[in-house]
1. Among the residues of the stretch 85-118, write down those that are over 17 Å from P24 (Cα atoms) and of a type in the set (S, T, N, Q).
2. From the list R20, R10, which residue is under 19 Å from C87 (Cβ atoms) and touching a residue at least 24 places away in the same chain (Cβ under 8 Å)?
3. Is it fair to say I137 is among the hydrophobic types (A, V, I, L, M, F, W, C) and either touching a helix residue (DSSP H, G or I) at 6+ places or on another chain (Cβ under 6 Å) or exposed (fewer than 13 other Cβ atoms within 10 Å of the Cβ) (or both)?
4. Just to be sure, is E94 part of a helix (DSSP H, G or I), at pLDDT below 95 and outside the structural domain of M18 (by TED's automatic domain parsing)?
5. Look at F118 and say whether it is in contact (Cβ under 8 Å) with a residue 40 or more places away in the chain and either over 30 Å from S12 (Cβ atoms) or touching a Gly at 6+ places or on another chain (Cβ under 6 Å) (or both).
6. Can you give me the number of residues within the stretch 97-141 that are more than 28 Å from D22 (Cα to Cα) and either part of a loop (DSSP other than H, G, I, E, B) or charged (D, E, K, R) (or both)?
7. Quick check on I36: is it closer than 20 Å to C122 by Cβ, touching a residue at least 12 places away in the same chain (Cβ under 8 Å) and among the hydrophobic types (A, V, I, L, M, F, W, C)?
Amino acid sequence: MAALKYSRQRESIKEFLMTRTDHPTADTVYENMKIIYPHISLGTVYRNLSLLSDIGEIRKLSNFGGSDRFDGRTEPHCHFICTSCGCVQDLETEDLTEFIQKAEARFRGKITDCTARFSGLCEECCQKKKLKIILDIQKSL
């Protein structure tokens with residue numbers, strides 16, 4: 001494969017994702033890149049996100065309810081998706097190496113990656129739900 005030509009826009013996209021923990025969509029990346037590069041196109045952002053994902057510089061998270069999301073962290077780690085508001089967060093867990101080794105011991109092939117996804121209510125949605133319950137109780141009194 002030929003060497004990849006350097007691109008300031010591609011590097012800016014990667015740097016932007018490295019500063020985020022909310023796993024933005026391509027549209028969010030585009031809106032933020034327009035601040036730096038007013039003439040950048042949405043197509044350029046999509047192509048660069050795809051390329052960065054293909055070469056392993058970022059992770060593309062699919063099937064998280066809606067648009068693909070992008071993650072600047074490439075090491076194996078878990079994600080949490082809120083079933084109420086749809087936010088996606090990194091879930092800090094123990095090192096997955098031992099889990100991968102145990103799975104590989106029961107598998108005849110070679111495991112090269114591991115992803116785990118948890119779902120439920122995020123802290124903010126839990127707080128909103130508690131507040132709603134309290135308000136409902138107050139209304140019934």
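The values are calculated or read from the model by the stated rules, or taken from the named source; none is laboratory data. In this text, all values refer to a predicted model and were calculated from it rather than measured experimentally. FYI the Cβ positions are ideal-geometry reconstructions off the backbone, even for glycines, and counts take in every protein chain you see.
1. T93, T97, Q101, T112, T115 - these are the residues of the stretch 85-118 that are over 17 Å from P24 (Cα atoms) and of a type in the set (S, T, N, Q).
2. Only one candidate passes the filter, namely R20.
3. Considered against the rule, which asks whether it is among the hydrophobic types (A, V, I, L, M, F, W, C) and either touching a helix residue (DSSP H, G or I) at 6+ places or on another chain (Cβ under 6 Å) or exposed (fewer than 13 other Cβ atoms within 10 Å of the Cβ) (or both), I137 comes out as yes.
4. no
5. Considered against the rule, which asks whether it is in contact (Cβ under 8 Å) with a residue 40 or more places away in the chain and either over 30 Å from S12 (Cβ atoms) or touching a Gly at 6+ places or on another chain (Cβ under 6 Å) (or both), F118 comes out as yes.
6. The total comes to 10.
7. So I36 does not fit the description; no.
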